[in-house]
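What follows is calculated from the coordinates using simple rules that are stated; it is not laboratory data. Given the structure is predicted, the values throughout are model-derived calculations rather than measurements. No Cβ is skipped: glycine too gets one built from the backbone with ideal geometry, and neighbour counts run over all protein chains shown.
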Amino acid sequence: MSAVITGCPAYAGHDKIECRDKPGHDGYSNEMMNIAERKQVTAAADAQRWLEDFETVLSAQDASATSELFIADGLWRDVLAFTWNIQTMAGRAAIESKLRETLPHTKPSHFHIPAKRTPPRWVTRAGRENIETLFDFETAFGPANGVLRLVPDAQGRLRAWTLNTNQHELKGHEEEFKRRPEPDSTRDFGAENWSDRLARTRTFADHDPVVLVIGGGQAGLSIAARLQQLGVETLIVDRHKRVGDNWRTRYHSLTLHNEVHVNHLPYLPFPPTFPVYIPKDKLANWFEFYVEALELNYWAATELIKGSYDAKRKEWSVTLRRPDGSERSMRPRHLIFATGVSSIPYTPPDISGLADFSGTRVHSGDFKDAAHWKGRKALVLGSGTSGHDVAQELQAHGADVTMIQRSKTYVVSLKEAQSVYAIYSEGIPFDDCDLLTTSFPYPVLQRSYQISTARGREVDKSLLQGLEKRGFRLHFGEDDTGFQMMYLRRGGGYYFNVGCSDLIISGKVGLIQFANIDRFVANGARMRDGRVVPAELLVLATGYKNQQDTVRLYLGDAIADRIGPVWGFDDGGELRNMWRRTAQPGLWFTAGSLAQCRIFSRYLAIQIKALELGLVS
Ligand SMILES: Cc1cc2nc3c(=O)[nH]c(=O)nc-3n(C[C@H](O)[C@H](O)[C@H](O)COP(=O)(O)OP(=O)(O)OC[C@H]3O[C@@H](n4cnc5c(N)ncnc54)[C@H](O)[C@@H]3O)c2cc1C
C-alpha cells in the first residue's frame, strides 16, 4: 500500500513509521505536550493506520472484515465511487452488504492522505469528538476522494464513525482546463475567429446538444459549466429575457442570505471586492458575466413547451418556443430540470372567500412595485422568507401592512443562521470545505442542526420572546433541527431576520393569525369576531409546488408519477431525485443553494459523462 503521510506539517520530513511510533518526534518531549497537542500529533498516524487496514481488507475483497473497521452504527455515504448513486449505508450489516455488491467493479486502491489537503485533526462534529481525515484514492473509474471520521469504540480502538467516498473524476476524461492543448503558433487569416466560432456554436443550426438544461439560474449555470468542461455539448434555455433575470425580477430589496465566501459558482469565484451579502442585481449581472466568461451556450427568452421520451432511441423529443414565437424541436439524450425548487406558485385550497376579495391579489413571486402601495392597506398571507421580505418592503414604502401567519415559523437572526456554514470559516482551503460539506450523512446532519438550533434559540432569546409576546407562533422544526432541515425537507417554513421581526415586535408590521380569520371578503379579511381587517392588496406568500408538478406540466403524468416527488429526503436520508439517476432514463434534476449547485453539479456531470462513454449502463 502506498499511503504516505504528506498532509500533516508536524510530520514533514519523517517517514510513516516514525510518525506512528514517535508522537513526540517534532522536537517536543512527550512531557512538554499537553493531551490536546499529543492527540493532534498522533491524529495523522492514527488515520494513516486505519486507511492502511481499510485498503488491506478491501484488496482482499473481505466485506465482512471491512465493516468491522466501523463502529456498530457507523455510516458510509457514497457519492458515485462505489455505488454510482448518492447513497448512505447505516450500520455494519448495510455497509457489508453494499461492499459485497460493489467491490468487484470498484477496485478501490491507493488510499492516501494528500499533502495539499487539511491534515487529519481532532475536531468536534455534531457534538462528537473525532479524527477527521480528508483522503484521496482511486477506483477503476479514476481519481476519488473522501472523508473519514474516527472515534474510539468501547475497547478504545479507533473505528470509523462516518466514511464518505466520492468519484471525483473519470480517468482520461478530466476537465478540459486541466489538459489544454498546445496553442497554435501560426494564424489562419481566413478562418473564423473565436467570436465567430462561439456565435456559430451557440446557434445549434445543424445539430442538437447532447444535454438540454431547462432553467438558467445558478443550478443551470453550474451544471452546464461542469458538462462543458467534460466535453459534453450542452445548451441552457431559460424563459427569462436576460441571463440573471431570475434574480433581477425578484423584489427590490433582496440581498443574499449566505455570506459571499460560501456562494461561489464552479471555476470562477466572486472577486474579493464583492460585499458579504450580494444584492440580487449584482448577482444577476455576475451570472451574465459567467455565461460569457465560460462560453456557455445559453438561449434566453426560450421556453420548454413539452417533451416526451423515445425509449427505443434513448432520446428526448422536446419543443422549445423561441423569442420570435417560432418553435424549435430538439432531440437531446439528457434533459436536466434546473427550474428551481420554487417554480410553480402554490395557493392553498383552504383559503375561504379568496375569490370574493376585490382588491389586488398577487403571489409573492410576482410582487414588485411596493412604492405603488404607499399609504394604503395591505395583507401578506404567509410568514416564511418571502412573506417577511414583502411585508418589510411594503412597510418601508409607507404601506400599512399586516402579516397573516398560517403556520408556526422558525425565526433566526441572520448572523446566527450562518452557523450551518461554519466549516467555511475554519480557515481551511475552499475545496476542503466543499469536500467536508459533501461528507455528512443524514443522521450526523440532523444532530448537528439540533445543536446549532438550540444554540440559536439561546443567542436569539430576546428576539424570540419579543415575537411570542406579539402572538407570533414559533417552531423549531419537527425534530428541533431548525431552518436547514426545513429547507431540505420542504423548501421553506423559516425566516432569517433582516429586520421584519423587529417591525412585528414594534407593531410597525401588524400580525394576525390565519386561524382567527373567518373568510376573505371584498374589502379585506373578516375575523371570527366579525371585525374586518381592511386591505386593498393581498400578497400570497404561500410557497411553491413540488418540482414533480413542473415535470407533470411539461412531460405529462406518466413521467411525473414514475419519478415521484422531487427534493425532500427519501428513506435513506438523501434528497429525492437530486443529482442522481431518476426512474425516468435521461431525466435529471439539479437545484438548491449556490453551494449545493456548485458541489453536486460535479457529480451529476460525471454521471452523464460516464453514461455517454458507456462506462456505466
Ligand atoms: C431572500 C432570498 C435570499 C436567498 N439567499 C440565498 C443565499 O444567500 N445563498 C443561496 O445559495 N441561496 C439563496 N437563496 C435561495 C436560492 O438560491 C434561490 O431560490 C435560487 O434562485 C435557486 O436557484 P435555481 O437555479 O435552482 O432556480 P431559479 O433561480 O428559480 O431558476 C430557475 C429558472 O428556470 C426557468 N424556467 C422555469 N421553467 C422554465 C421553462 N419551462 N422553460 C424555460 N425556463 C424555465 C426560470 O425562468 C428560472 O430562471 C435566497 C432566496 C431568497 C428569496
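For this structure, a couple of remarks:
- Cα-Cα pairs of the range 123-163 separated by more than 15 Å (percent): 48 percent
- Hydrodynamic estimate: the Kirkwood radius of the range 379-465 over Cα pairs, inserted into Stokes-Einstein at 10 °C and 1.306 mPa s, corresponds to D of 102 µm²/s.
- Bridgeable aspartates and glutamates around residue 241 (alpha carbons under 14 Å apart, same-chain partners fewer than 8 residues away excluded): 288, 303, 324.
- D_trans [Stokes-Einstein, Kirkwood Rh over alpha-carbon pairs] for the range 320-382, 10 °C, 1.306 mPa s, µm² s⁻¹: 97 µm²/s
- Protection proxy ranking of 476-487, 560-571 - average other beta-carbon atoms within 10 Å, highest first: 476-487, 560-571
- The range 436-579 - percent relative contact order, Cα under 8 Å, separation 6 or more: 18 percent
- Its relative contact order, with pairs defined as Cα atoms under 8 Å and 6+ residues apart, puts the range 230-378 at 23 percent.
- Relative to its Kirkwood radius, the Cα radius of gyration of the range 59-101 gives an Rg/Rh of 0.94.
- Difference of contour (0.36 nm per residue) and Cα-Cα distance, residue 197 to residue 233: 11.5 nm
- Summing charges over all other residues whose Cβ lies under 11 Å from the Cβ of residue 527, with Lys and Arg as +1 and Asp and Glu as -1, gives +2.
- Built amide H within the under 5 Å cut-off of residue 495, gap 5+: 410, 411, 412
- Percent of beta bridges antiparallel (DSSP, the chain, rounded to nearest 5): 55 percent
- A convex hull fitted to the Cα coordinates of the range 435-526 yields 139 cubic angstrom per residue.
- Of 171/609; 408/461; 374/545, those spanning more than 20 Å from alpha-carbon to alpha-carbon: 374/545
- Rg over Rh [alpha-carbon atoms, Kirkwood Rh] for the range 464-617: 1.10
- Measuring spread by the Cα atoms of the chain yields a radius of gyration and Dmax of 26.7, 85 Å.
- Applying both filters, DSSP loop and at most 12 other Cβ atoms within 10 Å, to the trypsin sites (Lys or Arg not before Pro) of the range 68-137 gives 116.
- Per-residue [θ]222 nm for the chain (sum of -39500 (n - 2.57) over DSSP H runs n ≥ 4, rounded to 500): -9500 deg cm²/dmol
- For the chain: relative contact order, % (alpha-carbon pairs under 8 angstrom, 6 or more apart): 15 percent
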